[in-house]
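Below you'll find the structure, written out as structure tokens, and then a few comments.
The values are calculated or read from the model by the stated rules, or taken from the named source; none is laboratory data. Since the model is a prediction, treat every value here as computed from it, not as a measurement. Cβ placement follows ideal geometry from the backbone for every residue including glycine, while neighbour counts extend to all protein chains displayed. Calculation scope for accessible area: heavy atoms of the full protein, side chains included, ligands and nucleic acids excluded. Shrake-Rupley method; radii C 1.70, N 1.55, O 1.52, S 1.80 Å.
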Amino acid sequence: MSDIRNIVILTGAGISAESGVATFRGPDGLWEGHRVEDVATPEGFARDPALVQRFYDARRARLHEVQPNAAHAALARLDSEWKGDLLIVTQNVDDLHERAGAKRLLHMHGELKSAWCRACDARLPWEDDLGSGPACPDCGVDGKLRPDIVWFGEMPYEMERIDRALMEADLFVSIGTSGAVYPAAGYVQTARYCGARTLEMNLEPSQGSIFFHETRLGRAGELVPDWVEEVLEAN
Ligand code: BV8
């Protein structure tokens, strides 16, 4: 472990589960009672913008009721103490990583606390509802603000920066993700192909489990703090 310098960490809904944030597909395959096609696609938004805005307004409002957990805190500690390169790539749209103090972080699927103006293309920090069609603070146009979220069929954010980090990585770690959604689900193969050691920490083996050198099964709130202790001690 001592020859590790550059680390890339991919997180998914599982890291926020112990904070009370619902993971993706419930037992009914629905996402909080909605078909993914209806609430997380540009076509769904075109069909019924009020439904989609309500869906994201509710998730944004719920952020006030949840707190970062021990796994978020452990990654924030690693971020502050790790001397080598580190990049936390999250698929999550919640703000729990940054509220725990993580800095070297990017949201590849967007953020609930950001709005995107379809009139002037501005992306703005946003706390409140969008359902009422508020005016854009930058260009003043009404009702053109949409959630700054990457929906299915849309290009994830900062793909080049992620690919560069994957190619430089000595260690790729995946936490709390089912490996069901691409391009994120393919990162383990890219990292491994570029020579990285690969580790997953998850409640159950992910769909890409065979591509990991090591799999630790359990709850992120227990596994991640232990792993961070190990890495910092070994380096
Ligand atoms: C794109 C924002 C074009 C919305 C999201 C290749 C093959 C097949 C399909 C495709 C492909 N390439 C592209 C596609 C299409 C599609 C896709 O992957 N479809 C899937 C369903 C097959 N991908 C896209 O459309 C992507 N865009 O391809 O653009 C393109 C791309 C590149 C280059 C050119 C063109 C965009 C996808 C992004 C969609 N937006 N989120 C929102 O959040 O509101 S995806 C969303 O779902 C999340 O962000 C995340 O990515 C995914 C959910 O997965 P997880 O986070 O893993 O959550 P899940 O619930 O599934 O699993 C939780 C895991 O945690 C479980 O394993 C569980 O066991 C574990 N767990 C639970 N509790 C704990 C725990 N682990 C530890 N501790 C615990 N306590």
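Worth a mention:
- In segment 123-153, the residue that is surrounded by the fewest Cβ atoms within 10 Å (Cβ to Cβ) out of those that are aliphatic (A, V, I, L, M) and outside any strand (DSSP E or B) is V141.
- Scanning segment 204-235 for residues being within 12 Å of the ligand (Cβ to nearest atom) and acidic (D, E) gives a total of 2.
- Where helices (runs of 4 or more DSSP H) fall entirely within segment 1-116, those with at least 3 residues that are within 15 Å of the ligand (Cβ to nearest atom) and charged (D, E, K, R) are at 49-62.
- Candidate set from segment 107-122 (those that are under 14 Å from R60 (Cβ atoms) and hydrophobic (A, V, I, L, M, F, W, C)); member that is surrounded by the fewest Cβ atoms within 10 Å (Cβ to Cβ): W116
- A residue that is open to solvent by 80 Å² or more (accessible area, probe 1.4 Å), over 19 Å from N92 (Cα atoms) and either more than 21 Å from the chain's Cα centre (by Cα) or aromatic (F, W, Y) (or both) occurs nowhere in segment 154-170.
- In the set (1) of a type in the set (A, V, I, L, M, F, W, C); (2) under 22 Å from D38 (Cβ atoms); (3) part of a strand (DSSP E or B), V173 fails one condition alone, (2).
- Only a single criterion out of (1) in contact with a Leu (Cβ under 7 Å, 6 or more places away or on another chain); (2) more than 12 Å from the ligand (Cβ to nearest atom); (3) open to solvent by less than 40 Å² (accessible area, probe 1.4 Å) is not satisfied by M201, namely (2).
- Positions within segment 53-79 being of a type in the set (S, T, N, Q) and open to solvent by less than 20 Å² (accessible area, probe 1.4 Å), in sequence order: Q53
- Unmet criterion (only one of (1) touching a residue at least 40 places away in the same chain (Cβ under 8 Å); (2) surrounded by fewer than 18 Cβ atoms within 10 Å (Cβ to Cβ); (3) over 13 Å from the mean Cα position of the chain (by Cα)) for A46: (1)
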